[in-house]
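Worksheet: the structure to be examined is printed underneath.
The values are calculated or read from the model by the stated rules, or taken from the named source; none is laboratory data. From a predicted model like this one, the values you see are computed outputs, not experimental measurements. Note that we place each Cβ from the backbone using ideal geometry, even for glycine, and neighbour counts take in every protein chain shown.
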Amino acid sequence: MIRLVRFDITTVLLRCTTKQLLIIVLNIDNYYLAKIICLRKSCVAGGKLFPKPLTRLKIYTPIGNTRRALIILAMNYEVQLNSAFDDRNVSEKAKPVQPSTDLPYALTLYEKAERLAKEYGMLSIELKTDDVSLTKEDLVRFEGLLEKFSKGESSKDEFLKAYIKLKAFCNLESELEKVACTDKVSIIDVWARTMDVDVIIDSIKSAFPGSAFEIFEKSHEDHHKEEVESKPTLLSRSRAPEVFRKLVLSFGTPKSNELEPSIFMALTYPIIFAFMFGDLGHGILLTIAGVYMFFIQRKGVKLGETLSIIVSGAKLYIILGVVSSIVGLFMYREAFGSHELAQEIYNIMGLPEVPNYISIGIVRIPIRMNPIETPLTLARMCIIIAFFQISFGIILSTVNAARARENWKIVGNIGWLAFYWAIAYLFFSNGINMINIIFNFNTILYYFLPPILILIVGRVMEGGFGQVFEALEQMISLISNTFSYFRILAIGAAHTLFSKIFFDLGASINLFIFIPLLALGTVLIMSFEGMLAFLHCLRLHWVEFFMKFYSGTGTRFKQFKLV
């Protein structure tokens with residue numbers, strides 16, 4: 001960790017308290033020369049599941065270099081520009097860098113031009129430093145170009161090139177208030193990718209030799225909650241479809257040291273949804289609707305705000321439709337609410353019969369079931385899904401704790417997981433008879449008491465005796481969360497029942513009435529039951545799953561960009 005020891009109008013003195021990095025700063029006539037000796041290895045990212053590691057960097061450069069330094073950062077690196085005045089030492093001695101006096105005029109022009117530019121998109125041009133440094137004469141020329149373009153007297157490319165330069169100028173000047181300065185030195189405070197820090201330093205120093213740097217590096221000993229709370233979150237690229245990340249971020253942004261679960265949600269969400277919406281016919285229609293919306297997106301068709309939100313989930317509808325079709329055909333044998341129609345399609349396709357169960361150890365996983373005909377079998381499947389997903393949530397919580405080196409939290413999680421697995425073992429070994437066994441003294445002594453003690457000890461050592469009540473609440477929540485998965489059975493039964501009612505009603509009347517009645521019933525069921533299944537599936541992930549390991553209280557990384 002490098003700490004700021006002294007700061008005033010003419011002096012910056014840095015002290016290095018890490019053996020991995022040495023910075024020597026010399027003050028010569030109010031200009032700063034820095035010799036940097038880097039002894040540390042490049043930081044390796046924590047994989048695709050965790051946000052990218054960030055390092056806080058302060059750049060001290062002669063004040064005349066401020067704008068050019070910001071342009072280098074914005075055009076070449078992923079950085080978030082922070083307010084340098086968050087540092088009390090800086091705020092007491094420095095003042096903000098003053099933006100151009102032409103900024104109000106430029107912002108007025110930008111608001112007018114933005115409405116026109118949205119209709120034509122953006123051009124890809126390579127900005128140069130001179131393109132961002134606009135004068136009053138440049139702005140006057142742009143105003144004339146704007147008037148000509150609005151009258152159709154100027155080309156689109158000419159207008160968009162000028163617009164991009166204006167936007168870059170406005171963004172740069174508007175951000176200058178975050179930069180502090182003294183009589184000779186400006187202080188630029190940024191969060192940057194850890195892997196880019198050395199490159200940024202080399203880039204700034206090669207452009208402006210009279211620069212110094214202050215690097216704040218997290219060590220395991222210095223790890224504390226305040227640091228995590230203040231650090232923004234720069235998400236890694238996910239292998240899952242972007243729509244699942246949007247669902248995760250709708251719950252909240254992960255902390256900088258917190259696992260982001262969109263890849264896991266991409267696996268579990270379609271499966272749980274399919275058990276609620278399992279029907280071959282409805283699944284195929286949902287897939288077709290998703291494909292149609294996907295092509296609408298690709299063509300760039302302009303829609304209203306509400307329709308745009310619906311169409312944005314095209315890839316999600318395709319995935320949910322495909323999985324729902326598979327569950328409807330192989331497991332439920334339902335097609336538009338008809339078991340006979342689904343069985344006929346299955347026979348025509350010449351598919352082999354699937355077993356009723358498969359066994360993995362003591363766990364019998366049902367394969368053939370139906371929400372109406374075999375509700376108890378589906379109820380057993382709900383319990384299996386609950387045990388798997390809740391257990392996995394606790395395991396992910398342990399992964400987060402291990403990454404943060406919260407050793408006592410790991411101990412508590414081991415007890416938490418062992419308690420839940422003891423319940424699962426008794427259920428899969430004894431079935432419904434576990435109710436008679438669970439209150440047996442030996443069961444409590446050998447199965448429940450040890451994990452409960454481990455959980456309590458871990459929580460107390462982690463946060464004090466007040467955590468005993470949290471430990472008790474966590475144990476109780478495991479039971480209530482498990483029962484919550486019975487909503488899969490309830491929504492699945494309602495979907496199948498309403499579909500069957502429309503199909504059976506239409507089958508008993510004239511064909512010309514049956515077809516429109518079935519079409520109307522299908523639209524109503526897919527709209528209402530589809531939305532119901534979507535929301536309840538989302539609730540199972542946000543509450544029963546996420547609450548075990550995901551806080552969602554982080555701050556999103558805001559990249560400093562000119563355009």
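Take the conditions buried (at least 19 other Cβ atoms within 10 Å of the Cβ), out of contact with any Pro (no Cβ under 8 Å at 6 or more places or on another chain) and under 15 Å from Thr108 (Cβ atoms) and apply them to Lys167. Does it pass?
Numbers: buried (at least 19 other Cβ atoms within 10 Å of the Cβ): yes; out of contact with any Pro (no Cβ under 8 Å at 6 or more places or on another chain): yes; under 15 Å from Thr108 (Cβ atoms): yes.
Criteria met by Lys167.
Scanning the range 536-553 for residues that are among the hydroxyl-bearing types (Ser, Thr, Tyr) and either at positive phi or part of a loop (DSSP other than H, G, I, E, B) (or both) gives Tyr550, Ser551.
Would you confirm, using the coordinates I've provided, whether Ala533 is surrounded by 20 or more Cβ atoms within 10 Å (Cβ to Cβ) and either hydrophobic (A, V, I, L, M, F, W, C) or in a helix (DSSP H, G or I) (or both)? Steps first, please.
Details: surrounded by 20 or more Cβ atoms within 10 Å (Cβ to Cβ): yes; either hydrophobic (A, V, I, L, M, F, W, C) or in a helix (DSSP H, G or I) (or both): yes.
Here the answer is yes, as Ala533 does meet what is asked.
Condition test on Glu147, is it within 18 Å of Leu107 (Cβ to Cβ), part of a helix (DSSP H, G or I) and either touching an Asp or Glu at 6+ places or on another chain (Cβ under 9 Å) or modelled with pLDDT under 90 (or both)? It is true that Glu147 is within 18 Å of Leu107 (Cβ to Cβ), part of a helix (DSSP H, G or I) and either touching an Asp or Glu at 6+ places or on another chain (Cβ under 9 Å) or modelled with pLDDT under 90 (or both).
Of the residues Ile383, Ile390, Ile367, Ile372, which single one is in the same structural domain as Phe514 (by TED's automatic domain parsing), in contact with a strand residue (DSSP E or B) (Cβ under 8 Å, 6 or more places away or on another chain) and among the aliphatic types (A, V, I, L, M)? Step by step, each of Ile383, Ile390, Ile367, Ile372 is checked, and only Ile367 is in the same structural domain as Phe514 (by TED's automatic domain parsing), in contact with a strand residue (DSSP E or B) (Cβ under 8 Å, 6 or more places away or on another chain) and among the aliphatic types (A, V, I, L, M). Screening the candidates Ile488, Ile454 for the property of being within 33 Å of the chain's Cα centre (by Cα), in contact (Cβ under 8 Å) with a residue 40 or more places away in the chain and closer than 30 Å to Glu334 by Cβ yields one hit, Ile488.
Among the residues in the range 118-125, are any of a type outside the set (D, E, K, R), surrounded by 17 or more Cβ atoms within 10 Å (Cβ to Cβ) and either touching a residue at least 12 places away in the same chain (Cβ under 8 Å) or outside any loop (DSSP other than H, G, I, E, B) (or both)? Don't jump to the end; show me each part of the working.
Taking the range 118-125 and keeping what is of a type outside the set (D, E, K, R), we get 120-125.
Keeping just the survivors that are surrounded by 17 or more Cβ atoms within 10 Å (Cβ to Cβ) gives none.
Looking for residues that are of a type outside the set (D, E, K, R), surrounded by 17 or more Cβ atoms within 10 Å (Cβ to Cβ) and either touching a residue at least 12 places away in the same chain (Cβ under 8 Å) or outside any loop (DSSP other than H, G, I, E, B) (or both), one finds none in the range 118-125, hence no.
Per the listing Ala386, Ala379, Ala401, the residue uniquely in contact (Cβ under 8 Å) with a residue 40 or more places away in the chain, within 24 Å of Gly552 (Cα to Cα) and of a type in the set (A, V, I, L, M, F, W, C) is Ala386.
Listed here are the residues, each with its yes/no results for (1) under 30 Å from Ala519 (Cα atoms); (2) surrounded by fewer than 18 Cβ atoms within 10 Å (Cβ to Cβ); (3) modelled with pLDDT under 95.
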| residue | (1), (2), (3) |
| --- | --- |
| Leu341 | yes, yes, yes |
| Gly361 | no, yes, yes |
| Phe387 | no, no, no |
| Ile395 | no, yes, no |
| Arg403 | no, yes, yes |
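The residues of the range 169-195 that are farther than 13 Å from Leu103 by Cβ and of a type in the set (Gly, Ala, Ser), listed by number, are Ala180, Ser186, Ala192. Any residue at all in the range 373-385 that is modelled with pLDDT of 95 or more, touching a Ser or Thr at 6+ places or on another chain (Cβ under 6 Å), closer than 30 Å to Phe498 by Cβ and surrounded by 15 or more Cβ atoms within 10 Å (Cβ to Cβ)? No; the residues of the range 373-385 include none that is modelled with pLDDT of 95 or more, touching a Ser or Thr at 6+ places or on another chain (Cβ under 6 Å), closer than 30 Å to Phe498 by Cβ and surrounded by 15 or more Cβ atoms within 10 Å (Cβ to Cβ). Only residues that are loosely packed, with under 14 Cβ neighbours inside 10 Å and of a type in the set (S, T, N, Q) were counted across the range 481-492, and they come to 0. Hey, could you check the range 493-530 for residues that are within 36 Å of the chain's Cα centre (by Cα) and of a type in the set (Val, Ile, Thr) and say which is surrounded by the most Cβ atoms within 10 Å (Cβ to Cβ)? Among them, the one singled out is Thr496. Exactly one residue out of Asp189, Asp202, Asp196 is in the same structural domain as Ile59 (by TED's automatic domain parsing), touching a helix residue (DSSP H, G or I) at 6+ places or on another chain (Cβ under 7 Å) and not in a loop (DSSP other than H, G, I, E, B), and it is Asp189.
Residue count for the range 63-104 satisfying the condition of being touching a helix residue (DSSP H, G or I) at 6+ places or on another chain (Cβ under 7 Å), crowded, with 19+ Cβ neighbours inside 10 Å and polar (S, T, N, Q): 2. When residues in the range 350-372 are screened for being β-branched (Val, Ile, Thr) and either over 23 Å from Thr496 (Cβ atoms) or without any contact (Cβ under 8 Å) to a residue 12 or more places away in the chain (or both), 4 of them pass.
Given Tyr332, Tyr317, which one is buried (at least 18 other Cβ atoms within 10 Å of the Cβ), under 22 Å from Ala379 (Cβ atoms) and not hydrophobic (A, V, I, L, M, F, W, C)? Full working, then the answer.
Details: Tyr317 fails: under 22 Å from Ala379 (Cβ atoms).
When all the criteria are applied, what remains is Tyr332.
Quick check on the range 302-311. Is at least one of its residues within 26 Å of Ser499 (Cα to Cα) and either touching a helix residue (DSSP H, G or I) at 6+ places or on another chain (Cβ under 8 Å) or surrounded by fewer than 17 Cβ atoms within 10 Å (Cβ to Cβ) (or both)? Within the range 302-311 (the criterion being within 26 Å of Ser499 (Cα to Cα) and either touching a helix residue (DSSP H, G or I) at 6+ places or on another chain (Cβ under 8 Å) or surrounded by fewer than 17 Cβ atoms within 10 Å (Cβ to Cβ) (or both)), the answer is yes, since at least one residue qualifies.
Given the options Leu478, Leu472, name the one that is crowded, with 19+ Cβ neighbours inside 10 Å, among the aliphatic types (A, V, I, L, M) and over 24 Å from Glu529 (Cβ atoms).
Working: Leu472 fails: crowded, with 19+ Cβ neighbours inside 10 Å.
Only one candidate passes the filter, namely Leu478.
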